Amino acid sequence: MAHARAHLEHRLLLALREEVKALEDPRLFMVSLLRGELSSDGRVYTVYIDALFAPEEALKALSGASERILSGLNRRVRLKRLPRLEWRYAGSD
């Protein structure tokens, strides 16, 4: 079961990277999606980012675009229910 969860987390992260890359928001310049963690119930996917400039602005941009990102994610990864996205700066761990 752990392998399936890790595989799903990886698939989600790859798809999210493509969706974020497609956004044309200057606040997302030099932002990297480092890793993602799916909650135990599968309802929340926490994405850890790194940003060279203004990580707070990057987090605001990602939060504001979450619905658009989820819409694109739905086309790339077929799941019965997509998890809610939470964005965190990896430097704040």
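The values are calculated or read from the model by the stated rules, or taken from the named source; none is laboratory data. What you are looking at is a predicted structure, and each value in this text was computed from that prediction instead of being measured. Cβ sites come from the backbone with ideal geometry, for glycine too, and all protein chains shown count toward neighbours. Each accessible area value is taken on the protein alone, full model and side chains, heavy atoms only, with ligands, DNA and RNA left out. Shrake-Rupley method; radii C 1.70, N 1.55, O 1.52, S 1.80 Å.
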Among Tyr48, Ser63, Leu38, the residue whose Cα sits farthest towards the positive end of the charge dipole of the chain, when +1 is placed on the Cβ of each Lys and Arg and -1 on the Cβ of each Asp and Glu, is Leu38
Distant-in-sequence amide H partners of Tyr89 (H built 1.01 Å from N, under 5 Å): Ile49
Under the 7 Å Cα-to-Cβ spin-label approximation, Lys21 and Lys60 lie apart by a distance in nanometres of 2.7 nm
Extension reserve of the Leu34-Asp50 stretch, reckoned as 0.36 nm per residue once the Cα distance is removed: 5.1 nm
For the chain, what are the DSSP H helices with axial Cα length of 27 Å or more and mean Kyte-Doolittle hydropathy of at least 0.0? none
Please give the calculated 222 nm ellipticity per residue for the chain, where each DSSP H segment of at least 4 residues contributes -39500 (n - 2.57) and the sum is spread over every residue; nearest 500 deg cm²/dmol? -14500 deg cm²/dmol
Beta bridge orientation in the chain: antiparallel %, DSSP, nearest 5: 55 percent
Of the heavy-atom accessible surface of the chain (probe 1.4 angstrom), what whole percent is carbon and sulfur? 52 percent
